[in-house]
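Down below is the structure, laid out as structure tokens.
The values are calculated or read from the model by the stated rules, or taken from the named source; none is laboratory data. Quick caveat, the model's predicted, so the values are computed rather than measured. With ideal geometry, Cβ positions are generated from the backbone for all residues, glycine too; neighbour counts draw on all protein chains shown. Note: areas computed on protein heavy atoms with side chains; ligands, DNA, RNA excluded. Shrake-Rupley method; radii C 1.70, N 1.55, O 1.52, S 1.80 Å.
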Amino acid sequence: MLLDLFVISDQIYPMTNSFALIDPFGRHVNYLRVSVTDRCDFRCVYCMAEDMTFLPRADLLSLEELDRVCSTFIHQGVKKLRLTGGEPLVRKGIMTLVESLSRHLKSGALEELTLTTNGSQLAKHAADLVKHGVKRINVSVDTLDPVKFKQITRWGDLAKVLAGIEVAQAAGLHIKINAVALKGVNEHEIPSMIRWCHGRNMDLTLIETMPLGDIDGDRTDQYLPLSVVRAQLMDQFTLIDNPYKTGGPARYVTIKETGGRLGFITPLTHNFCESCNRVRLTCTGTLFMCLGQEDAADLRAPLRASESDDLLHRTIDEAISRKPKGHDFIIDRAHNKPAVTRHMSVTGG
Ligand code: SAM
Ligand code: SF4
């Protein structure tokens with residue numbers, strides 16, 4: 001087959017894919033997650049140690065630089081962009097970034113701009129998110145018990161998060177609740193969380209805890225396989241497989257009794273790496289091609305080296321050409337060290 005070719009700087013690209021990002025396994029990368037800050041106003045026990053050392057502020061990309069990198073990815077075919085962290089809503093001036101990125105929604109180049117938040121600052125920002133074209137957000141709530149919530153998040157206040165969710169729903173945002181399944185902590189609360197979410201028109205997604213970064217405790221104590229949760233839920237609910245997809249890694253069922261959707265993110269018991277369409281950018285401009293591998297590409301140097309985006313384009317292409325096949329997460333007594341040293345808050349959940 002003859003392909004038309006075109007040239008950017010010294011690189012030759014086939015016309016058919018023009019800017020599409022295709023990895024060595026034929027997967028089309030069209031989803032970028034951006035950790036806009038690694039800082040957070042909570043200290044969730046599975047995510048961080050209480051006494052965290054954060055990335056030096058001097059290394060952060062400015063909001064303008066983050067916009068430039070995101071825009072380059074969008075020109076290269078990214079259709080879905082999720083702002084995350086750390087806690088994205090504690091980054092100073094974050095709404096300026098949301099507002100400037102919304103131009104890509106208006107032009108149709110970007111299909112979805114969304115964010116994952118702990119909800120602590122949601123009441124303050126919900127209306128602006130809607131104004132700038134955000135339609136759906138994920139809010140992380142692992143328990144509806146205020147005492148347990150404090151134990152899990154160490155610094156969080158459940159009442160404030162629930163108030164934020166109410167304001168966000170009233171502003172018109174669709175909300176999905178994310179909950180990390182934690183053995184002996186929220187394990188027995190999952191049925192009531194399903195009823196609570198579905199009674200408020202919110203999906204619920206359960207997540208298996210992943211071995212990322214050193215935390216104060218032992219992950220083997222926290223890890224609850226979702227295969228176990230699923231079997232327990234089948235004692236009281238009818239789970240019907242649902243083909244619904246959001247572009248993320250969750251697989252969904254409909255709960256017949258509530259009519260709502262329940263998602264499972266199962267990196268440990270059943271990984272879906274073969275369909276991975278994502279890469280992750282840190283707030284210092286490091287691109288991770290896989291959440292569970294150390295290999296990374298520095299985008300900050302090419303970003304700052306030239307006012308043109310050509311070099312950035314080429315660095316992104318080169319990075320995607322070595323996206324690994326998948327992660328190798330294992331949590332058991334013999335493997336209770338993190339798979340990678342960085343925390344989820346650095347790479348962006
Ligand atoms: N601060 C925001 C929040 O909590 O929603 C966004 C960042 S947080 C890192 C994104 C998601 O990752 C949250 O749903 C959180 O529960 C989850 N998470 C953090 N550490 C995790 C880990 N080690 N394993 C699995 N999920 C984790
Ligand atoms: Fe903060 Fe989110 Fe990590 Fe909790 S999970 S410590 S809210 S970044």
Kindly check whether there is at least one residue in the range 188-210 that is within 12 Å of ligand 1 (Cβ to nearest atom) and either out of contact with any Phe, Trp or Tyr (no Cβ under 9 Å at 6 or more places or on another chain) or among the aromatic types (Phe, Trp, Tyr) (or both). no
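Take the residues in the range 140-192 that are hydroxyl-bearing (Ser, Thr, Tyr) and surrounded by 20 or more Cβ atoms within 10 Å (Cβ to Cβ), then tell me which one is farthest from CYS40 (Cα to Cα).
THR143
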Filter result (polar (S, T, N, Q) and either near ligand 1 (Cβ under 9 Å from one of its atoms) or free of Cβ contacts under 8 Å to residues at least 24 places away in the same chain (or both)) within the range 75-96: THR84
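For the range 267-284, what are the residues that are buried (at least 20 other Cβ atoms within 10 Å of the Cβ) and among the polar types (S, T, N, Q)?
Going through the range 267-284, the residues buried (at least 20 other Cβ atoms within 10 Å of the Cβ) turn out to be 267-268, 276, 278-283.
Within the range 267-284, THR282 is the sole residue that qualifies.
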Counting only residues that are modelled with pLDDT of 95 or more and of a type in the set (D, E, K, R), give me the strands (runs of 3 or more DSSP E) lying completely in the range 1-100 with at least 1 of them. 31-37, 80-85
Can you give me the number of residues within the range 97-123 that are within 16 Å of ligand 1 (Cβ to nearest atom) and without any contact (Cβ under 8 Å) to a residue 24 or more places away in the chain? 0
Counted residues in the range 299-308 being closer than 12 Å to LEU61 by Cα and either in contact with a Lys or Arg (Cβ under 6 Å, 6 or more places away or on another chain) or open to solvent by 30 Å² or more (accessible area, probe 1.4 Å) (or both) come to 3
When only residues in the range 240-254 that are more than 14 Å from LEU206 (Cα to Cα) and outside any loop (DSSP other than H, G, I, E, B) count, which is least open to solvent (accessible area, probe 1.4 Å)? ASN242
Would you confirm, using the coordinates I've provided, whether GLY326 is buried (at least 16 other Cβ atoms within 10 Å of the Cβ), in contact with an Asp or Glu (Cβ under 7 Å, 6 or more places away or on another chain) and over 30 Å from ARG195 (Cβ atoms)? no
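When only residues in the range 105-147 that are within 20 Å of the chain's Cα centre (by Cα) and assigned to a helix (DSSP H, G or I) count, which is nearest to ligand 2 (Cβ to nearest atom)? Write out each step before concluding.
Of all residues in the range 105-147, those within 20 Å of the chain's Cα centre (by Cα) come to 105, 110-122, 125-126, 129-130, 132-143.
Next, from what is left, pick out any that are assigned to a helix (DSSP H, G or I): 105, 122, 125-126, 129-130.
Numbers: LEU105: 25, LEU122: 12, HIS125: 15, ALA126: 17, LEU129: 17, VAL130: 22 Å.
Checking each candidate, the answer is LEU122.
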Checking the structure you have, find out if any residue of the range 115-122 is touching a helix residue (DSSP H, G or I) at 6+ places or on another chain (Cβ under 9 Å) and farther than 29 Å from THR209 by Cβ. no
When residues of the range 215-239 are limited to those that are surrounded by 15 or more Cβ atoms within 10 Å (Cβ to Cβ), closer than 23 Å to MET344 by Cα and touching a Ser or Thr at 6+ places or on another chain (Cβ under 9 Å), the one modelled with the lowest pLDDT: ARG219
